[in-house]
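K.L.:
One structure is given below, represented as structure tokens, and several questions about it will come after.
The values are calculated or read from the model by the stated rules, or taken from the named source; none is laboratory data. Please read all numbers here as calculations on a predicted model, not as lab measurements. Every residue, glycine among them, receives a Cβ derived from its backbone with ideal geometry; neighbour counts consider all protein chains shown.
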Amino acid sequence: MNEIAGEILAILRRYLSEPTSRSLLTSAARRANLRLETLTRGDVPQLVAQLGPGLNIFLQEPEKLQNCKSLLALVAVENVPPMPVEQPVESRPDGISVPIRAEHDIVRARTLGKDMAKQLGFSEVVQTKVATAVSELARNIFQYAGTGEIRIRRIEGKRRGIEVVARDQGPGISDPALILSGAYRSKWGMGAGLRGTKRLVDEFELDTHPGLGTTVRIRKYSE
Amino acid sequence: MVMMMETQRIPIVRLSGKLIVSIQTALSDTVVDRLQQDVAAACERGDARGLVVDVSGVDVLDSYITRSLRDLAVMARLMGVETVVCGLRPAVAMTLVEMGMELPGVRTALNLDRALALLDSLQPEGRVRGKAYGLPAELAGDEDEEGEEEA
């Protein structure tokens, strides 16, 4: 497939798995009588029209469906800056992994966290707490390390819940105990974010060394 | 969430002499900067008698956004404009409390109506100012008591 088809695939992969995206794209191309190796921007509207029915089935949430269609429509427009190559959200059997590379990944991670909390049957308030905790951790990664990863997974077993692991290879925190104690009282910033997060969750683990990065592990149970 | 192609701009609506900003999407650094600039410019015109920041569309308020809202309010106050934040969702308010986060120095109201009423009660000088500048009484008065909006 060529670059333009690649752009479309990249958009689909933001919302769907790799196999589903590829399969939707190839069957849409076939129905539209288009070849993905020679796709032009002029062909895109036709292709998107054929993608429509498939998307309606696979993307149940109206907001996501709308967003996806808007992005696809933009591919047809000339001189639009190419979509930044985005690391796909990795689906694992027990959870998801969101790379944090750009600011919008913070929102992505917390939306996914909120969704998973919702699926687990958490109340609106607890969903918000989970999303807020993820937001704090993701923002710390973005602001202090530049890149990192947020992993969100369900906890099964006698206590059901959600676990979030925020990992980066950033500068690390030299005195985590001091930061967490709140003695060093900056009201905003990384310390405040961590202290706030700690108060929202049931379990909180901070593993950090200067020069070796930081890992924060949190858990929220459904009681 | 969709990443916009250009910097999204949050519109500032003028209603009854007050500025209203309604936050419907996730705030990023660039959008916040833009908003601060736009609010500063609007305040600079000198005819804003209050700023309402409606966060009813916000489902997650983390420490960064909270600080940004507070900074916005502080900046507006430096320019003589009081801010009221309204529409905080219960789940969000509870989360802020649990995190130990507050919006110190920023007034809040339940909804837009009450935010506007609160600003009205804080700004009786609207009339006084009018008189001081020599405007006849009819022009110095605001909208009528029912709060009908004027252009």
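K.L.:
Quick check on A:Thr147: is it surrounded by fewer than 16 Cβ atoms within 10 Å (Cβ to Cβ), under 16 Å from the mean Cα position of the chain (by Cα), within 22 Å of B:Ser28 (Cα to Cα) and assigned by TED's automatic domain parsing to the domain that holds A:Gly95? Please lay out each step first, then the result.
P.N.:
Details: surrounded by fewer than 16 Cβ atoms within 10 Å (Cβ to Cβ): yes; under 16 Å from the mean Cα position of the chain (by Cα): yes; within 22 Å of B:Ser28 (Cα to Cα): yes; assigned by TED's automatic domain parsing to the domain that holds A:Gly95: yes.
Taking the combined requirement at face value, the residue satisfies it.
K.L.:
Going by the structure shown, is B:Asp120 surrounded by 16 or more Cβ atoms within 10 Å (Cβ to Cβ), modelled with pLDDT under 95 and part of a helix (DSSP H, G or I)?
P.N.:
In short, yes.
So that you can scan it fast, the table gives a plain yes or no per residue for (1) in contact with a Gly (Cβ under 6 Å, 6 or more places away or on another chain); (2) over 17 Å from B:Arg67 (Cβ atoms); (3) at pLDDT 95 or above:
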| site | (1), (2), (3) |
| --- | --- |
| A:Val130 | yes, yes, yes |
| A:Val134 | yes, yes, yes |
| A:Arg167 | yes, yes, yes |
| A:Pro171 | no, yes, no |
| A:Ser186 | no, no, no |
| A:Gly191 | no, no, no |
| A:Thr208 | yes, yes, no |
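K.L.:
Additional query: Answer yes if at least one residue in the range A:124-135 is more than 14 Å from chain B (Cβ to nearest Cβ) and in contact with an Asp or Glu (Cβ under 8 Å, 6 or more places away or on another chain), and no otherwise.
P.N.:
So far as the range A:124-135 goes, no, none of its residues is more than 14 Å from chain B (Cβ to nearest Cβ) and in contact with an Asp or Glu (Cβ under 8 Å, 6 or more places away or on another chain).
K.L.:
Does B:Thr25 satisfy being out of contact with any Ser or Thr (no Cβ under 7 Å at 6 or more places or on another chain) and crowded, with 19+ Cβ neighbours inside 10 Å? Outline the logic, then answer.
P.N.:
Details: out of contact with any Ser or Thr (no Cβ under 7 Å at 6 or more places or on another chain): yes; crowded, with 19+ Cβ neighbours inside 10 Å: no.
Considered against the rule, which asks whether it is out of contact with any Ser or Thr (no Cβ under 7 Å at 6 or more places or on another chain) and crowded, with 19+ Cβ neighbours inside 10 Å, B:Thr25 comes out as no.
K.L.:
I would also like to ask the following. Surrounded by 20 or more Cβ atoms within 10 Å (Cβ to Cβ) and more than 30 Å from A:Met116 (Cα to Cα) - does that describe any residue in the range A:6-16?
P.N.:
no
K.L.:
Among (1) surrounded by fewer than 14 Cβ atoms within 10 Å (Cβ to Cβ); (2) modelled with pLDDT under 90, there is one condition A:Pro176 misses while meeting the rest; what is its number?
P.N.:
(1)
K.L.:
Would you say A:Ala138 is more than 13 Å from A:Glu163 (Cα to Cα), crowded, with 19+ Cβ neighbours inside 10 Å, more than 7 Å from chain B (Cβ to nearest Cβ) and at pLDDT 95 or above?
P.N.:
So A:Ala138 passes the test.
K.L.:
Here's a follow-up. Would you point out the residue of the range A:125-134, among those that are free of Cβ contacts under 8 Å to residues at least 60 places away in the same chain and farther than 11 Å from A:Ile100 by Cβ, that is surrounded by the most Cβ atoms within 10 Å (Cβ to Cβ)?
P.N.:
Among those that are free of Cβ contacts under 8 Å to residues at least 60 places away in the same chain and farther than 11 Å from A:Ile100 by Cβ, it is A:Ala131.
K.L.:
Can you tell me which residue is modelled with the lowest pLDDT among those in the range B:40-67 that are over 15 Å from B:Ala115 (Cβ atoms) and among the small types (Gly, Ala, Ser)?
P.N.:
Per the criteria, the residue is B:Gly46.
K.L.:
Scan the range A:180-189 and tell me whether some residue there is more than 10 Å from chain B (Cβ to nearest Cβ) and within 23 Å of A:Val107 (Cβ to Cβ).
P.N.:
no
K.L.:
Only one residue in B:Arg34, B:Arg67 is within 10 Å of chain A (Cβ to nearest Cβ), surrounded by fewer than 19 Cβ atoms within 10 Å (Cβ to Cβ) and basic (Lys, Arg). Which one?
P.N.:
Within the list B:Arg34, B:Arg67, the selection yields B:Arg67.
K.L.:
Just to be sure before I move on: is B:Ala48 aliphatic (A, V, I, L, M), assigned to a loop (DSSP other than H, G, I, E, B), crowded, with 16+ Cβ neighbours inside 10 Å and within 11 Å of the chain's Cα centre (by Cα) in the structure I sent?
P.N.:
So B:Ala48 passes the test.
K.L.:
Let me ask another. Kindly provide the set of residues from the range B:70-84 that are surrounded by fewer than 21 Cβ atoms within 10 Å (Cβ to Cβ) and under 14 Å from B:Ala48 (Cα atoms), ordered by number.
P.N.:
Hits for the range B:70-84 are B:Met75, B:Arg77, B:Leu78, B:Met79, B:Gly80, B:Glu82.
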